[in-house]
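See structure below.
Please treat every number below as a calculation from the coordinates, not as lab data. Not measured: the values here are computed from a predicted model. So basically every Cβ, Gly included, is an ideal-geometry build from the backbone, and we count neighbours across all protein chains shown.
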Amino acid sequence: MKHLATPGILVLSLMLVCCGARTDVPPQADPDRRLLLIGIDGAGWDAMIPLLRRGEMPHLEALVRSGYAARLTTMAPALSPVVWTTIATGKRPAQHGIRGFLGRDPDTGEGVPVTSNMRRVSALWNILSVAGVPVSVVGWWVTWPAEEVNGTMVSPYAAPGQTTWKGSVYLDGRSDQTWPGDLLARMGPTIEQGVGKAKDSFREIFPALENTATPDYLKAFLKDMLWVHVSDTIFRDIGAKLLEEDKPRFAAVYLGGVDVTGHRFWRFAHPSPDEWPLTGTQREAYGDSLNRYYRWTDDAIGRLVAAAPPGTTVMVVSDHGMELAHQRDRPPTDWNQYPHEISGGHTRGPDGILLFSGPGAARNFDPGWWDNGAALPRLGEAGHPGVLDVTPSLLHFFALPVADDMTGKIRMPMFSNEIAARSPARIETWERPGGRPDPTPMSSPRMDEVKERLRGLGYIDCR
């Protein structure tokens, strides 16, 4: 499926003329800049700071100490496909077109999970591709079917045997899971090995699966959670392989397990006796599950950073944090059918995280954060969540113009003096007339099962 023309300097030059861009726009990205963007769904400072204080997330701690860290404000409600698309475009949902987990099929009137063609605007990887920057995108929300880019894309896809709402890559022969189509075969051994690795590490993270005292509903969830962890493991390993072998100048890798674990295990890690009473046995059995997943994610961050070419700057972001979920905040759900006891939520949009470390990054570390995470700077103002500002800021990092039709803005404090002092370039738009595909929702063989997973987490109602 082709969503972009072949990128190159000529294409960029023509686009700048056609769009009436200002004449001082640089024609190419800064050739000395490399960036690794790691998305951690549901990660929040409130959960991480105790781990950082105890030295249990050494890779993230190294990034915090050497770079720029902040709370990243988000939207409310913080729906993952909406926020991750906002992060990747610098535009609000009304502009980019992704408003929830489901779109409406115009032929049947039924809700179907959102697909990449429903995004109405260019994402960061599209813009960088046109600017001649080699890219690799792995596991990002709303990237199925995979788009043509100047490099590689591995989309999340709920394939047979892995029908989790987070999506997975699996050897089921669908070429539209990746760009180029034959990338799936190239990644075959990595995928197969990842399944085995994930099953081993999953037992360490969630020993409750083999505990005979674990309630049946929680065991059922953990079996689904296994495939989320398989996805994280595969995306980690594919991301590392592409970084090592292809050496893209921009890579984005998404990991979703922290969010799913937080939904189920928040009450065990952060007890609230009035809202979610616990027994001592429950706290002992499940209390460290969320922390263990954070520690696994920290190790994944370390592996990705180690695989990146020398001189790569790293940004770690999340779409939201997590907080205690009150039952009154949950959408209507058939609790008899889905007894999921979701105790961690993000309906009200708790702050996510932003980390920026490496060449071109400022340093703002304060040891006092270990005692008071609220002292971290907060990106975003009333009516302008900080998630809008990731793409404009990264365009400035690459010395590319920010479009006038982007709602987001450049966050200069995260940059070193050299980059912060650079005058921002502007362009009217990065969009090309007729450049996006037909936005009609697309189907896949497993869409109904994906919807069931969404219902199981209470994200969509049970109608």
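The figures follow:
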item: Karplus-derived HN-Hα couplings along segment 425-432 (A = 6.51, B = -1.76, C = 1.60, θ = phi - 60°), whole Hz, x at Gly and Pro; result: 7, 10, 9, 5, 7, 9, 7, 10
item: Alpha-carbon centroids, segment 282-298 and segment 347-386: separation in whole Å; result: 24
item: In order through segment 256-270: 3J(HN,Hα) via Karplus (6.51 cos²θ - 1.76 cosθ + 1.60), integer Hz, x for Gly, Pro; result: x, x, 4, 5, 5, 5, x, 4, 8, 10, 4, 5, 7, 7, 10
item: Cα centroid of segment 409-428 to Cα centroid of segment 65-108, whole Å; result: 23
item: Sequence-distant residues sharing a close amide H with residue 35 (under 5 Å, placed H); result: 250, 251, 313
item: Other-chain or far-sequence residues with amide H under 5 Å of residue 152's (modelled H); result: 135, 136, 137
item: Environment charge at residue 209 (Cβ cut-off 9 Å; Lys +1, Arg +1, Asp -1, Glu -1); result: +2
item: Hz values of 3J(HN,Hα) by residue in segment 49-57 - Karplus curve (6.51, -1.76, 1.60), Gly and Pro given as x; result: 4, x, 5, 5, 4, 8, x, 9, 10
item: Residues whose placed amide H lies under 5 Å from that of residue 402, excluding near-sequence neighbours; result: 425, 426, 427
item: Given 199/247; 197/223; 241/409; 247/409, the pairs whose alpha carbons are separated by over 24 Å; result: 199/247; 241/409; 247/409
